[in-house]
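The values are calculated or read from the model by the stated rules, or taken from the named source; none is laboratory data. Remember, predicted model here, so these are calculated numbers, not experimental data. All Cβ positions, glycine included, derive from the backbone under ideal geometry; neighbour counts span all protein chains shown.
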Amino acid sequence: MPAFVALLRAVNLGPHNKVAMAQLKTIAEGCGLSAPRTLLQSGNLLFESKSKSSAALEKLLEGALQQELGLKTPVVVRSAAEWRRALDDNPFPKQAKSDPAHLLLMPLKAKIESAAVAALAAAIVGREQVKLGGQQLYLVYSDGIGESKLTSALIERKIGVSGTGRNWNTAQKIAALLEA
């Protein structure tokens, strides 16, 4: 059965949108997903499914999270092959090696045009860098993410699509689990 990763946006970051990973696994099982397992506490769910449609799996999980937990948050799903391709297509290989904690992979819920990325790049006021590759953004936060003005809210406002980021270390851990 094909392997997938589901990435929940903005969970367990503060007092809101709390999701226990055990709950997330139970919800996945209730959706008929096989071998659910989680990575870290940030909403990374790995599973297997007969479905080959990432979009259908996103809707299934978003609906189940809303129904079971009252949690309305975007979920981005990628197959193991899509995840591997996203890592292989990284336009910032130097940063991936030298500073992986400040390189983010941000899978998006829909494709965007290069004009949207240009608008986003024009809004950057610091040393951050952004590039589009397929249906994900790659972002470099040279001075750290916490103090950056390039926030998720700004990104989504400029590109008109939601997504969720994972640092390069986490992205690599997800790949290893998907390929195990």
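Out of the residues in the range 3-35 that are part of a loop (DSSP other than H, G, I, E, B) and surrounded by 14 or more Cβ atoms within 10 Å (Cβ to Cβ), which is modelled with the lowest pLDDT? Ranking the candidates gives ASN12 first.
Count of the range 43-60 residues, restricted to those that are at pLDDT below 95 and either among the basic types (Lys, Arg) or under 16 Å from the mean Cα position of the chain (by Cα) (or both), is 7.
Kindly provide the set of residues from the range 102-124 that are part of a strand (DSSP E or B) and closer than 11 Å to ILE155 by Cβ, ordered by number. Break it down stepwise before answering.
Within the range 102-124, the first condition is being part of a strand (DSSP E or B), and the residues that meet it are 103-108.
Within the range 102-124, LEU104, MET106, LEU108 meet the criteria.
Is it the case, given these coordinates, that THR38 is outside any helix (DSSP H, G or I), free of Cβ contacts under 8 Å to residues at least 40 places away in the same chain, within 14 Å of the chain's Cα centre (by Cα) and within 23 Å of ALA171 (Cβ to Cβ)? Can you show your working first?
Numbers: outside any helix (DSSP H, G or I): yes; free of Cβ contacts under 8 Å to residues at least 40 places away in the same chain: yes; within 14 Å of the chain's Cα centre (by Cα): yes; within 23 Å of ALA171 (Cβ to Cβ): yes.
Answer is yes for this residue.
Considering (1) loosely packed, with under 15 Cβ neighbours inside 10 Å; (2) out of contact with any Leu (no Cβ under 9 Å at 6 or more places or on another chain), the lone condition that GLU82 does not fulfil carries the number (1). Considering (1) surrounded by 13 or more Cβ atoms within 10 Å (Cβ to Cβ); (2) modelled with pLDDT of 95 or more; (3) part of a helix (DSSP H, G or I), the lone condition that LYS94 does not fulfil carries the number (1).
Which residue is farthest from PRO107 (Cα to Cα), if the candidates are limited to the range 125-169 and must be of a type in the set (A, V, I, L, M, F, W, C) and either in a loop (DSSP other than H, G, I, E, B) or assigned by TED's automatic domain parsing to the domain that holds LEU40 (or both)? Before you say what the answer is, go through the steps one by one.
Filtering the range 125-169 down to residues of a type in the set (A, V, I, L, M, F, W, C) leaves 125, 130, 132, 137, 139-140, 145, 150, 153-155, 159, 161, 168.
Add one more test, that the residue is either in a loop (DSSP other than H, G, I, E, B) or assigned by TED's automatic domain parsing to the domain that holds LEU40 (or both), and what stays is 125, 145, 150, 161.
Details: VAL125: 23, ILE145: 17, LEU150: 16, VAL161: 10 Å.
Looking at the filtered set, the residue picked out is VAL125.
Close contacts from the range 142-171, counting a first residue that is of a type in the set (Asp, Glu) and a second that is assigned to a loop (DSSP other than H, G, I, E, B) and surrounded by fewer than 18 Cβ atoms within 10 Å (Cβ to Cβ), with Cβ to Cβ under 6 Å and a gap of 6+ residues or different chains, come to ASP143/ARG127. Mind checking which residues of the range 101-146 are in contact with a helix residue (DSSP H, G or I) (Cβ under 6 Å, 6 or more places away or on another chain) and more than 19 Å from ASN90 (Cβ to Cβ)? ALA116, ALA119, ALA123 - these are the residues of the range 101-146 that are in contact with a helix residue (DSSP H, G or I) (Cβ under 6 Å, 6 or more places away or on another chain) and more than 19 Å from ASN90 (Cβ to Cβ).
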